[in-house]
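Presented below is the structure to which this report refers.
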Amino acid sequence: MFYREAGDFKTTYAADNQTFPIAFDRWRYWAVLFVAVFVIPLVINDYWANALLIPFLIYAIAAIGLNILTGYCGQVSLGTGGFMAVGAYATYKLMTAFVWMDMVTITLLSGLITAGVGVLFGLPSLRIKGFYLAVATLAAQFFLVWIFNRVPWFYNYSASGQINAPERMMFGVPVTGPNAEVWVKYLFALGFVIVLSWVARNLTRGSVGRQWMAIRDMDIAAEIIGVNPLKAKLTAFAISSFFVGVSGALLFSIFLGAVEVGEAFGISKSFLVLFMVIIGGLGSIFGSFAGAAFMVLLPVVLKIVGVDMFGWPTDIVQHLQFVIVGGLIVFFLIVEPHGLAQLWRLAKEKLRLWPFPH
Amino acid sequence: MNDMSTSTVTEDGRTIGGVMMEMRNITLRFGGVVAIKDISFDIREGEIRAIIGPNGAGKSSMLNVISGFYHPQEGEVWYHGARRKAMKPYQVARQGIARTFQNIALFDGMSVLDNIMTGRINHMSSSFLDQAIWWGKAQREEVEHRRKAEEIIDFLEIQAIRKTPVGRLPYGLKKRVELARALVAEPKLLLLDEPMAGMNVEEKEDMSRFILDVNDEFGTTIALIEHDMGVVMDLSDRVVVMDYGKKIGDGSPDEVRQNQEVIDAYLGVAHD
Ligand SMILES: Nc1ncnc2c1ncn2[C@@H]1O[C@H](COP(=O)(O)OP(=O)(O)OP(=O)(O)O)[C@@H](O)[C@H]1O
Ligand SMILES: [Mg+2]
């Protein structure tokens, strides 16, 4: 009923260019933000935070990152897990080497370091595309995990080969380590999500974003128009890796606390984030959130419904999850490459005309 | 032939200036195939220059040399009185050369407006950081260039499809959007590779009108490849004729029409 464009005419190009051109969408956005910032921290409990909210926020950052590279710039990557590991290990090294440094700075620096590594591994993209690039990033994935396993300097020569996040305070409360409360961790992750998704939105709506998409859709034409392919691809790798690095840093510092690289950042992590992007929608910031939410929710819902309600064996439920995800991937790749985001858009389009569809 | 250094005025009152672009003894080979064989010609400021010839004559290859996409093995390209060193296509674009393609090369996943806005890239200067925070310059610039894009959208009469994803458009409109994307760059030299191929008579008339208007209103120099002889004769000031990679004619439409070698090439007389 309220979802209408009527009376909401755009008189300037700036207004036509807003993120949410329809007033109702704008209100909803602010309402969601309000609830996320002021309400959830008051009511959050350990189960919901650890099972859903914190992983959702952290993976959303990684999904946005991969979406910038793959969805916007058209460069496939199977190295997301490896780049998350770079963020995690950078955070660990910074936390232990500079004990006085605050966690925001450490996390951002970890993102920057990952951006540098991402650019390095992005260099082959100037020569190779598609399947071959995917294989090259897969090599990066295995190489990075291997090196974090093999070079003891990265885990400060600890006997277990693991890295552990020591306790760090912010504003007098612990954000990392065993004593950190979930509302603090939640707000810490939320802060990064809000700022980074805003940055991603800005980059994708202007000239930089159009250059990425131009390279994605037709690289030859893009270059002839004046897009420098080297610059466009490498900035996409840099920004994407920055996001992925921050996500890996947070996954380690506030969520897992202790990490064994092969287990936490193996190839399955690369696929997890890739599935989020495909299911959520290639080339959509909102889709990155939708995909992350879906992939985080699915196992939880299946466990509640399958194991707790129907009493099915756990391994059957787990296989069911693979089947569902696999089916959805095939469905979205073939039928709707723009994912959940597009389904949502179509639903809104219907709603906009409802109840008079013509 | 006219003196090349001074400007002349055409019958319809347009001024044609000195030489803007000059191709000197260009030879382009692909392995054993010689696509262009020792061709020289020039393009003068403000004119509409046609390149014609049978299929496979090397016309598109010639445009690709001009736009820096192919690098000839021999010969020199002169632009605004200076020899152009080997350049990447995006560097050529920055020198004020824009083009359309024989097989439409639009960005299918983007809207018409975004396609056209992408064509403004060489005029946009806000930094990466400006755009990341979308404050001040980036935002101002976006609005300013949107205005230019809308001008071109009005000019080519494609207002109604502004927000449509390009992939959904019919062929004729795609060609028009591609022209819009090239025009919005405000090029000094516009290269059109068969802008009317596959169009019906009405669409061809529209396109011809747009090309003449672009040349007339914006003063843009145009080099175009076209198979429809009627169109070529109507539009162009001078014509280069190519056949099997060689230049077999160069002059006004009338001169070219009477050139025996050109007639033979078009009538398919055996080469000796
Ligand atoms: N990238 C390439 N690699 C190999 N050969 C090429 C390439 N581009 C063009 N050629 C060859 O060069 C010759 C000229 O091709 P070109 O496309 O320039 O012809 P054209 O005059 O534009 O023809 P049409 O009217 O069919 O568009 C052809 O023999 C073609 O096969
Ligand atoms: Mg051709």
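The values are calculated or read from the model by the stated rules, or taken from the named source; none is laboratory data. What you see is a predicted model, and the numbers here were worked out from it, not measured in a lab. Positions of Cβ are backbone-derived with ideal geometry, glycine not excepted, and every protein chain shown enters the neighbour counts. Just so you know, the surface numbers come from the protein's heavy atoms only, side chains and all, with ligands and any DNA or RNA stripped out. Shrake-Rupley method; radii C 1.70, N 1.55, O 1.52, S 1.80 Å.
For the chain pair B and A, the buried solvent-accessible surface (1.4 Å probe, both sides summed) amounts to about 3000 Å².
When the solvent-accessible area of segment A:44-266 is split by element, carbon and sulfur atoms take up 68 percent of it, the probe being 1.4 Å.
Anything losing 20 Å² or more of accessible area from the isolated chain to the full protein assembly: pick those residues out of segment A:214-229, probe 1.4 Å, ligands and DNA/RNA ignored. Relative to the lone chain, where solvent access is computed with a 1.4 Å probe, segment A:214-229 loses at least 20 Å² at A:214, A:217, A:218, A:220, A:221, A:223, A:224, A:225, A:226, A:228. Taking the Cα centre of chain A as reference, the dipole from Cβ charges on Lys and Arg (+1) and Asp and Glu (-1) amounts to some 680 debye.
The apolar share of the surface of segment B:1-73, taken as the fraction of accessible area on carbon and sulfur atoms (1.4 Å probe, ligands and nucleic acids excluded), comes to 47 percent.
From its DSSP helices (H runs of at least four residues, each -39,500 (n - 2.57)), chain A gives a residue-normalised ellipticity at 222 nm of -20500 deg cm²/dmol. Given +1 at the Cβ of Lys and Arg, -1 at the Cβ of Asp and Glu and no other charges, the dipole of segment A:190-237 around its Cα centre is 160 debye to the nearest 20.
Accessible surface for residue B:193 stands near 0 Å², nearest 10, in the context of the full protein assembly shown (1.4 Å probe). Estimated translational diffusion coefficient (Stokes-Einstein, Kirkwood radius over Cα pairs, 20 °C, 1.002 mPa s) of segment A:112-263: 121 µm² per second. In the assembled protein chains, residue B:71 presents an accessible area of approximately 100 Å² (probe radius 1.4 Å).
Taking only DSSP H segments of four or more residues, each worth -39500 (n - 2.57), what value at 222 nm results for chain B once the sum is divided by all its residues, to the nearest 500 deg cm²/dmol? Numbers along the way, then the final one.
Working: 10 runs with 97 residues, N = 272.
Roughly -10500 deg cm²/dmol at 222 nm, from the helical runs in chain B.
Only lysine pairs 8 or more places apart or on separate chains count here, and in chain A those with Cα atoms under 21 Å apart total 5. Heavy atoms of the protein chains alone define the surface here; on that basis chain A has 46 Å² accessible area per residue at 1.4 Å probe size. All Cα-Cα distances of the protein assembly as shown, cut into 10 Å bins from zero to the largest, leave 3, 14, 22, 21, 16, 12, 8, 4, 1, 0 percent in each bin in turn.
Ratio of alpha-carbon Rg to the 2.2 N^0.38 Å globular estimate for chain B, to two decimals, please.
On the way: Rg = 19.3 Å, N = 272, 2.2 N^0.38 = 18.5 Å.
So chain B has a normalised radius of gyration of 1.04.
Farthest towards the positive end of the charge dipole of the protein assembly as shown, among the residues A:111, B:241, A:337, is the Cα of A:111, using unit charges on the Cβ of Lys, Arg, Asp and Glu. Loop exposure criterion: GluC sites (Glu not before Pro), DSSP state outside H, G, I, E and B, at most 16 other Cβ atoms within 10 Å. Applied to chain B, the longest stretch between such sites is B:12-156.
Along the axis of the charge dipole computed for the protein assembly as shown (Cβ charges of +1 for Lys and Arg, -1 for Asp and Glu, origin at the Cα centre), the listed residues B:9, A:286, A:49 are led at the positive end by A:49. With 28 Å as the cut-off, how large is the P(r) tail for segment A:201-358, expressed as percent of Cα-Cα pairs? Distances greater than 28 Å cover 39 percent of the Cα pairs.
Residue B:78 exposes around 60 Å² of accessible area when a 1.4 Å probe is run over every protein chain in place.
Taking a ≥ b ≥ c as the square roots of the eigenvalues of the alpha carbon gyration tensor, segment B:111-185 is prolate, as a/c is not under 1.5 and a/b beats b/c. Counting Cβ atoms of other protein chains within 10 Å of each Cβ in B:139-148 and taking the mean gives 3.
Take B:130-139, A:222-231, A:277-286 and order them by the average number of nearby Cβ atoms within 10 Å per residue, most first; the result is A:277-286, A:222-231, B:130-139. Say the dipole of segment B:1-135 comes from +1 at the beta carbon of Lys and Arg and -1 at that of Asp and Glu; which of B:56, B:71, B:82 then lies farthest toward its positive end? Result: B:71.
Taking every protein chain into account, the accessible area of chain B amounts to 45 square angstrom per residue (probe 1.4 Å).
Mind ranking A:335, A:145 by accessible surface for me, highest first, 1.4 Å probe? Working shown, then result.
Values: A:335 90, A:145 20 Å².
Correct descending sequence by accessible area is A:335, A:145.
With Cα atoms as the point set, chain A shows a radius of gyration and Dmax of 20.9, 69 Å. Accessible area ranking (1.4 Å probe, heavy atoms, ligands and nucleic acids excluded), largest first, for A:218, A:213, B:21: A:218, A:213, B:21.
For the protein assembly as shown, the Cβ-based charge dipole about the Cα centre amounts to some 2040 debye (Lys, Arg positive; Asp, Glu negative; other atoms uncharged). Residues of segment B:79-115 whose accessible area (probe 1.4 Å, heavy atoms of protein chains only) drops by at least 50 Å² once all protein chains are present, relative to their chain alone: B:90, B:107, B:110.
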